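Reviewing the structure listed below.
Values in this text are rule-based calculations from the coordinates and carry no lab data. Remember, predicted model here, so these are calculated numbers, not experimental data. Heads up, the Cβs are rebuilt from the backbone with ideal geometry, glycines too, and the neighbour counts pull from every protein chain shown.
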Amino acid sequence: MTDFSFCNPVRIEFGKDKEKHIGQYMKEVGAKKALVLYGSERVRKSGLMGVVESSLKANGIEFAQLGGIKSNPVLGKVNEAIKLAKEFGADSVLAVGGGSVLDSAKAVAAGACYEGDVWDFFTGKSPSVALKIFDIITLAATGSEMNCGGVVTKEQTKQKYAISAPCLYPKVSVINPQLQATVSREYLVYSASDIIAHSIEGYFTASVHPEIVRAYIEANIKTVIRTTEALLADPSDYDARAEFAWAATMALNGLTYVGVGGFGYPNHMIEHAMSAVVDCAHGAGLSVVMPAWMRWYKDRNLSAFERFAREIFGLKSADEGTLALKAWFDKIGTPTSLAQLGIEGKVLDEVIDVAATNAKAWNMSELYSRENIAKILELAR
């Protein structure tokens, strides 16, 4: 186990009707003028935005609003929101939606306190100050509600890069599983893929991986598999929805990486190229990459892959475990081949090129050369 320092300052408010108190939570932290960000108009039609507005007004918080943030959020929209935040004089950002909205909010929070180009924070610079960040999460997947990172795509260059800094931890995150009950079947299974990807990156690639962390990750993955199947059978199952939501949060809040050393995020690095080029759902891209990458990488850490097969699926060999994960993805209906995402021919060549550029930016190009990335994606055909 490596030495570590761990601090996660996010306050989680989990449970039914917690969104009704968002104004109170924000007021307690000193928020007075908030920019409210959201995705589609569904948050209005569902009545959620009305609840949010009432709570903010009741607690004396002024607010401006901006919608239209898409899945795989883009820099153009972030810059539009930064401009609005500065003009309004916002001291805080409230994200009402899924991980894409919250990731955008983090970039906006940093950019509103910076006179330069916010993209600087995705390409080497680290923000030291940001607006206060709050969120009401309506889709469980990214874990962004309890970490200090976010991902945004620069449309012109198809660079899908991350921003990360301690000042980007949300002050308060609201997780009401009931708000996630209307998530479509397809986005439920994409979310399951995303959570599993967050769980396995360190599990398979780390050079130092404590037993307690391995066991914790295995429990999280088994929870995702069990609750996904329960929710596909009965979307109104609150307890399954609640456990699924918490598994998403716990997969990327830092606890699965304490004492862990020498790990990377190769599946995310490759998938970021896929969704930057064809705008597929992040989880859909990951369910295509993971089984292919596992087949290619397994001999570099065979014992971890054999343990995964044994602990998750009750099987013996690394290959059996990989095939079982792919079969489960097929069973729940998330893609497992590039063709399902329209990634073939010249499009595939572009994805490989972008992934190779990503590998350099992520300091992973020694192992993930263009040639090796092509070999991995060949296994995903």
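Compute the acute angle (0 to 90°) between the alpha-carbon long axis of helix 75-88 and the principal axis of greatest extent of the alpha-carbon atoms of the chain; round to the nearest 10°. In the chain, helix 75-88 runs at an angle near 20 degrees to the longest axis. When only the Cβ of Lys, Arg, Asp and Glu is charged (+1, +1, -1, -1), the dipole of the chain relative to its Cα centre reaches about 440 debye. The charge dipole of the range 280-381, taken about the Cα centre with unit charges on the Cβ atoms of Lys, Arg (+1) and Asp, Glu (-1), comes to about 220 debye, rounded to the nearest 20. Counted over all Cα-Cα pairs of the range 196-341, pairs farther apart than 26 Å make up 22 percent. Here's the picture: charge each Lys and Arg Cβ at +1 and each Asp and Glu Cβ at -1 in the chain, and of 224, 60, 336 the one pushed furthest to the positive end of that dipole is 60.
Think of the range 11-179 as a dipole: +1 on every Lys or Arg Cβ, -1 on every Asp or Glu Cβ, centred on the Cα centre; then among 93, 174, 146, 174 lies furthest on the positive end.
The lysines within cross-link reach of residue 326, meaning a Cα-to-Cα straight distance under 24 Å and a gap of 8 or more places when in the same chain, are 222, 298, 316, 375. Note on the chain: GNM, Cα springs under 10 Å; of 301, 79, 176, the largest mean-square fluctuation is that of 301. Dipole orientation for the range 1-55: of the candidates 2, 31, 47, 47 has the Cα lying most toward the positive pole (charges on Cβ; Lys, Arg +1; Asp, Glu -1).
Mean-square fluctuation check for the chain, GNM, Cα pairs under 10 Å: which of 172, 108, 213 is largest? Result for the chain, Cα springs under 10 Å: 213 fluctuates most.
When shorter helices are ignored and each DSSP H run of at least 4 residues is given -39500 (n - 2.57), the per-residue value for the chain at 222 nm works out to -16000 deg cm²/dmol.
Comparing Cα centroids, the range 292-324 and the range 243-263 end up 20 angstrom apart. Note that the range 153-170 has calculated 3J(HN,Hα) couplings of 9, 8, 4, 5, 9, 6, 8, 10, 10, 10, 10, 7, 5, x, 6, 9, 5, x Hz, one per residue in order, obtained from phi through the Karplus relation 6.51 cos²θ - 1.76 cosθ + 1.60 (θ = phi - 60°); glycine and proline are x.
Note that the range 123-241 shows a convex hull volume over its alpha carbon atoms of 155 Å³ per residue. Against the empirical curve 2.2 N^0.38 Å, the C-alpha radius of gyration of the range 19-86 lands at a ratio of 1.16. Near the amide H of residue 14, within less than 5 Å, lie the amide hydrogens of 175, all on another chain or at least 5 residues away, with H placed in the peptide plane. Computed across the range 11-179, the Kirkwood hydrodynamic radius from all distinct Cα-Cα pairs reaches 15.4 Å. Residues whose amide H lies under 5 Å from that of residue 161, counting only those 5 or more places away or on a different chain, are 152, 154; hydrogens are built 1.01 Å from N in the peptide plane. Cross-link reach is defined here as a Cα-Cα straight distance under 24 Å, omitting same-chain residues fewer than 8 places apart; for residue 125 the lysines meeting it are 77, 83, 86, 106, 154, 158, 160, 171, 360.
Legend: calculated FRET efficiency, residue 367 to residue 54, from the Cβ-Cβ distance at R0 = 56 Å, rounded to 0.05, equals 0.60.
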